[in-house]
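Throughout, read-outs are computed from the coordinates displayed, never taken from laboratory work. Quantities reported herein were computed from a predicted structural model and do not represent experimental measurements. Cβ sites come from the backbone with ideal geometry, for glycine too, and all protein chains shown count toward neighbours.
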Amino acid sequence: MNETFQVGSITIAAAAVTDVGLKRKHNEDSILALPHVYVVADGMGGYEAGDQASAAVVEAFRTIAQGADLLTLEMLREALELADDGVAAVADGTRRGAGSTVAGAAVIEHAGAPHWVIFNVGDSRVYRHAGTALQQVTIDHSLGQELYDAGRITAAELAVFPERNVITRAIGAVDAEADSWLMPVRNGERLLLCSDGLSSEVPDELIRQTLGQGGDPLRIANALVALAKRSGGRDNISVIVVEVQRGAADFDLGGAPDGESDAEQEQFLLETTVPVVE
């Protein structure tokens, strides 16, 4: 269902949907949608271990966020550490081990204005859509992405690379370091958080078109899940769509009026998204 949240001066509409897909017997994804924090976690380790791992990640963020109007960077770090401990506890009870990806978005106050902190570990993603432009904010922690970044394979080769989804960072693994970005909250923008059950099945251009259509977050979330299933539905599919309705600054105040080209709008999104410096 659609939820409407008031976070300080900001009105946010959000919807979260998770689906087992067409090939898996069990859903190892977990999702969280609170007024000031949104999380998608994709568990690894097989049935029970995988879903327990992703549930431990979500529960860590729920625990830290409860009772808080806004989060802080320190609270997010604490949640990630608690998530790592929770997944490690799950892994201790298995022979195969366990892990989980995580992608999230939280509202904090920065320089007197609301900002998003976007973070990820693994290949679950956060996208930002504004106007007609789509920006993938997070960068996958995967073997395919690392080879692409090193210039060893092309984008076309990455799309068909058989080991492109091998994860190089995960909650509960030796390397569980999160990457994070800070960006101002803007009226009219939509964030999409998803597991790779969506992004591995549906190309970015089709995601962009779907986010750009009219309709509420739940309609869009269900449409994205349907696209993933229509493309094969080989994995669990989790989608959270977050729409900033009012109470923040407008995009045209930041230099990106509606009349600008897609490329100019995309460049504006990139310029307003900066890595969080620890």
Seminar exercise, completed: Distance in Å, no decimals, from the C-alpha centre of the stretch 180-234 to the one of the stretch 1-27 is 11
Exercise. log10 I(q)/I(0), Debye, Cα-only the chain, no solvent, q = 0.10, 0.17 Å⁻¹?
Worked result: -0.48, -1.47
Exercise. Could you give me the ³J(HN,Hα) list for the stretch 23-40, computed from phi with Karplus coefficients 6.51, -1.76, 1.60 and θ = phi - 60°, whole Hz, x at Gly and Pro?
Worked result: 10, 8, 8, 9, 9, 9, 8, 9, 9, 9, 9, 10, x, 10, 8, 10, 9, 10
For this session: Per residue of the stretch 217-230, in order, report the coupling 6.51 cos²θ - 1.76 cosθ + 1.60 (Karplus, θ = phi - 60°) as ³J(HN,Hα) in whole Hz, putting x for Gly and Pro.
Result: x, 5, 4, 5, 4, 5, 5, 5, 4, 4, 5, 5, 6, 5
Problem set entry | Most to least packed among 71-78, 224-231 [average Cβ atoms within 10 Å] | 224-231, 71-78
Exercise. Taking Cα pairs under 8 Å and at least six residues apart, what relative contact order does the stretch 3-273 come out at, in percent?
Worked result: 24
Seminar exercise, completed: Rounded to the nearest 500, the 222 nm mean residue ellipticity computed for the chain from DSSP H runs (n ≥ 4, each -39500 (n - 2.57)) alone is -9500 deg cm²/dmol
Exercise. Which residue, Val20, Val107, Val39, has the most motion in a Gaussian network model of the chain that connects Cα atoms within less than 10 Å?
Worked result: Val20
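Arrange the following residues from fewest to most other Cβ atoms within 10 Å of their Cβ: Tyr127, Tyr148. Mind showing how you got there, number by number?
Details: Tyr127 23, Tyr148 19.
By the 10 Å Cβ count, ascending, the order reads Tyr148, Tyr127.
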For this session: Provide Phe119, Phe5 in ascending order of the number of other Cβ atoms located within 10 Å of each residue's Cβ, fewest first.
Result: Phe5, Phe119
